[in-house]
Amino acid sequence: MNKTRVLTLLPLALAAILLSACGASAEENSAAVLTQAAQIFADSLTQTAAVAPPTATATPVPPTATNTPLPPTNTPTITGTPPTATPSPTQQQVSGGGTGGSRTGCVRAELGYETIPDGTKIEINENFKKIWTFKNVGTCSWTQGFSLVWQQGETFGTKGTIPFSEFTDVEILPGEHLTIEVQMQAPDKAGTYKGYWLLRSDAGVLFGLGPDGRAWFWVEIQAKD
């Protein structure tokens, strides 16, 4: 029952009570009427409350989660200068021919003597003679087809490849020595200069010093004004 219907029936109920009380005394009727009217009014309030829609209760909204930023990861800084690789020759693989083939231990050299020690001071544009004496510590003979070969750095005015025929007219057997003399010239500007060299067999195999025959040898001077 809605509120409008309750309010409409209330006057009708009161009128019915008044009519039914006409046969009683005025005092009794008045008390009875007031009692019944109060009861009807109370019932109407109860019914109105029963049909009234419930009051909406606000549902709390959970807070939105906030992502906490992580501290940045520190990136390590690399400092220092990387080491410089020591130059070494690349062995050339050849097939057949020549006494200096690619067989292990065939071509090896040992430095026994040299002139112009490292750091020697020489006037700019001045000529000088570099001398190396090598011992054949390999198992193969060195023929006139072998060469002294420049690899990198300063050439000191040389032609870069010098055949053994300019130094000897015989084969250098294992255990024997060969002296190489090369005319060189200091550069025309002051400074420190260095040139790297190797030996090359008549089969095209590069070799040098050390136990594996791969170490370079060099010329290093200080050109001065």
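Data overview
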| read-out | value |
| --- | --- |
| Rounded FRET efficiency, nearest 0.05, which uses the C-beta distance separating residue 173 from residue 113 and R0 of 25 Å | 0.85 |
| Computed FRET value (nearest 0.05) for residue 139 with residue 222, which takes r as the C-beta separation and R₀ as 45 Å | 0.70 |
| Under 13 Å, Cβ to Cβ, from residue 199 - net charge with Lys/Arg +1 and Asp/Glu -1 | +2 |
| Point-to-point label distance, residue 127-residue 149, nm (Cα→Cβ direction, 7 Å offset) | 2.8 |
| Neighbour-count order for 114, 123, 154, fewest beta carbons within 10 angstrom listed first | 123, 114, 154 |
| Candidate lysines - alpha carbon under 25 Å from residue 129, same-chain residues fewer than 8 apart omitted | 121, 159, 189, 194, 224 |
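Only the coordinates and a few stated rules stand behind these numbers; no lab work does. Quantities reported herein were computed from a predicted structural model and do not represent experimental measurements. With ideal geometry, Cβ positions are generated from the backbone for all residues, glycine too; neighbour counts draw on all protein chains shown.
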